Amino acid sequence: MATTRETAQQFIDHLAAMRFLDAFGMLAENARYCIIGKTPLSRAYTKAELFSILLPGLSGMKQPPTLTFSDLIVDGNRAVALASGQGIGPTGLTYDQPHYAMVMRIENGAIVDMVEFMDTVEVETKLCGREFKPA
């Protein structure tokens, strides 16, 4: 059975190669995937919802995000992957996430829990098309 490090490394390798279906296929059937914040995309998803709601949304992007991973930190059955990403959202604007943190809990070679941290303003403006006006 794969170690926590091996599982997390395989997951981020899939993401870095833009093999999103392979990456998210590594989630356990009962996994929970949470996107932080209060954006229209922010909530906890089941694996089935990832495949039916979130992943099809990538096809709406003019250029899906390319992810560059800088660190993988592992302690026991927990892993944190630090990354940055850039793409072009459905709005046509450049989606630039300089800091992602993906916090995973891994059991029996599968990801059972993940929380994704990022700049939610980028999600709101570049992916969801909301405009913010200066105060």
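Only one entry of 61, 1 meets the criterion of being over 13 Å from the mean Cα position of the chain (by Cα), closer than 23 Å to residue 86 by Cβ and in a loop (DSSP other than H, G, I, E, B), and that entry is 61.
Yes or no, residue by residue, for (1) within 20 Å of residue 20 (Cα to Cα); (2) without any contact (Cβ under 8 Å) to a residue 24 or more places away in the chain; (3) touching a Leu at 6+ places or on another chain (Cβ under 7 Å):
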| position | (1), (2), (3) |
| --- | --- |
| 86 | yes, yes, no |
| 109 | yes, no, no |
| 113 | yes, no, no |
| 116 | yes, no, no |
| 133 | no, yes, no |
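Entry remark, segment 78-100: residues being part of a strand (DSSP E or B) and open to solvent by less than 20 Å² (accessible area, probe 1.4 Å) number 8 in total. Within segment 118-131, can one find any residue that is under 25 Å from residue 48 (Cα atoms), of a type outside the set (Asp, Glu) and part of a strand (DSSP E or B)? Checked against the condition, which is being under 25 Å from residue 48 (Cα atoms), of a type outside the set (Asp, Glu) and part of a strand (DSSP E or B), segment 118-131 yields no hits at all. Hey, does segment 8-27 have a residue that's touching a Lys or Arg at 6+ places or on another chain (Cβ under 8 Å) and either among the charged types (D, E, K, R) or open to solvent by less than 70 Å² (accessible area, probe 1.4 Å) (or both)? Yes, there is a match, as at least one residue in segment 8-27 is touching a Lys or Arg at 6+ places or on another chain (Cβ under 8 Å) and either among the charged types (D, E, K, R) or open to solvent by less than 70 Å² (accessible area, probe 1.4 Å) (or both). Within segment 29-48, the set of residues being over 16 Å from residue 110 (Cβ atoms), exposed (fewer than 14 other Cβ atoms within 10 Å of the Cβ) and free of Cβ contacts under 8 Å to residues at least 60 places away in the same chain comprises just one member, 44.
The values are calculated or read from the model by the stated rules, or taken from the named source; none is laboratory data. Here the structure is a predicted model, which is why all the values come from computation and not from measurement. Don't worry about glycine lacking a Cβ; one is built from the backbone with ideal geometry, like all the others, and counts go over all protein chains shown. Just the protein is used for accessible areas: all its heavy atoms, side chains included, with ligands, DNA and RNA removed. Shrake-Rupley method; radii C 1.70, N 1.55, O 1.52, S 1.80 Å.
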